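The values are calculated or read from the model by the stated rules, or taken from the named source; none is laboratory data. Quick caveat: nothing in here was measured; it's all calculated off a predicted structure. Here Cβ is always computed from backbone atoms with ideal geometry, including for glycine, and neighbour counts include all displayed protein chains. Areas reflect the complete protein model, heavy atoms only, side chains present, ligands, DNA and RNA absent. Shrake-Rupley method; radii C 1.70, N 1.55, O 1.52, S 1.80 Å.
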Amino acid sequence: MSLNSRSSVGVEPPVQVRDPQETQRVGRAGSRRHTAQRYALVMVLVFMIITFAVLPESGAAFRSPENLRAMLANQAVGLTVAIALLFPMAAGYFDFSVGAVTATCSVVAAALLSQVGLPLPLAVLVAIMSGAAAGLILGVLIAVLDMNAFIATLGTATLLGGLIFAYTGGLQITSGIPSSLTDLGSLPVLGVPRIAVLAALIAAASWFVMGHTPFGRQLFAIGSNARAAALVGVRVTRVRLLSFVVSGTVAGIAGVLLLARQGAATSDNGMTMLFPALTAVLLSTITLELGRPSVAGTVVAIFVVAVSVSGLTLLGAPAWVGPVFDGAALLAAVAFTRLAAGRSSRS
């Protein structure tokens, strides 16, 4: 060791004292950057609404009450599917089966109404309970038996898709759907589509559960660090199991809403509903509550996609714009999430 080394003579390096004004300046810059990141997607949504509303090619149609009601009604099912996806994702799991569970519950409700002749309330209840049962099975496989979540949920989605295709023969079930159910999907209340009001109530209830109950806090604690959550007394296995049961129940409700909106049930809706919901939930992690999925962020993300597709369609964009935009938004959401996670770990 060199005799000139500071440590060899017991001399500690000088402590650098940061100027208080510089510290405040850095703190304000960090706060502004954090605020800008939180509301960037909201500003994008506002910008797109203003743009499509004032452009001569799309303005009149985009601003019309009919277009607004159509956007709200069309996104009600997608929002409910996305909320179903939120609960297991908060606990750290992607559930790729929510679209298939939704389609299955839609077929179950339609079959019970048209082919079994059950009363509407009983058919709706059985359909929702079917979703809860699917969630319970997934919860046992993943939380109790420790099966890989990706394989379990993807396998369940494929299995359910095959079963309902075998039952329906690839055809739609259209007969015997009561008008009282289809009215829910098509008629307004006080100018707002009923199905959108119901989806908003589900979103509000989910927001309360995830943000203001011990169950919601335990979900995020497990999703952040399951081992640390277990050390402070959280019953990890039970909470994870419940997250899938809640997810399946909400997906069952989404299936009933899908039947109400379309007036028919078919087997090919599963994957088409999964990816927009997955996109919305991933985008929710980069807005409002940065770094974690949220109901409010999901609502914003759903409308970003809806407004974009509606505006571009009114501008004369071809039909492939919708799925292309969904795919691009999903890739962008994954990229931003990875960048945010890397930045967070470095800090």
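Worth pointing out:
- Cut-off 15 Å between beta-carbons: net charge of the residues surrounding S206, Lys and Arg +1, Asp and Glu -1: 0
- Computed over neighbours whose Cβ is under 11 Å from that of S186, the net charge equals +2, Lys and Arg +1, Asp and Glu -1.
- Using a probe radius of 1.4 angstrom, the carbon and sulfur fraction of the accessible surface of the stretch 189-281 is 66%.
- Simple rule: put +1 on each Lys or Arg Cβ and -1 on each Asp or Glu Cβ in the chain, find the dipole, and look at L278, V295, G248; the Cα lying farthest toward the positive end is V295.
- Label-point separation in nm, A60 to F47, each point 7 Å along Cα→Cβ: 2.9
- Descending semi-axes in whole angstrom, ellipsoid equivalent of the stretch 68-189, from the Cα gyration tensor: 27, 19, 13
- Linear extension gain, R292 paired with T174, 0.36 nm per residue minus alpha-carbon span: 38.5 nm
- Helix runs (DSSP H) in the chain reaching 30 Å along axis by Cα, Kyte-Doolittle at least 0.5: 65-90, 236-262, 321-346
- Average accessible surface for the stretch 204-288: 40 Å² per residue, computed with a 1.4 Å probe over protein heavy atoms with every protein chain in place.
- Of the peptides 47-60, 148-161, the ranking by mean beta-carbon count within 10 Å, highest at the top, reads 148-161, 47-60.
- Label assignment, Rg and Dmax of the Cα atoms in Å derived from the structure, set (i) 24.0, 94; (ii) 21.7, 84; (iii) 21.7, 78: (i)
- Over the chain: helical MRE at 222 nm, DSSP H runs n ≥ 4 each giving -39500 (n - 2.57), nearest 500: -24500 deg cm²/dmol
- About its Cα centre, the dipole of the stretch 224-321 is roughly 440 debye, where the only charges are +1 on Lys and Arg Cβ and -1 on Asp and Glu Cβ.
- Long-range Cα-Cα pairs in the stretch 95-143 (distance over 16 Å), rounded percent: 39
- Mean-position separation - Cα centroids, the stretch 246-267 and the stretch 117-179, in angstrom: 10
- Dipole size of the chain about its Cα centre, with +1 on Lys/Arg Cβ and -1 on Asp/Glu Cβ: approximately 1040 debye, rounded to the nearest 20.
- Selection from V232, V140, P188, by position along the positive dipole direction of the chain (Cβ): V232
- Sum of side-chain charges, G248 neighbourhood, beta-carbon under 15 Å (Lys, Arg +1; Asp, Glu -1): 0
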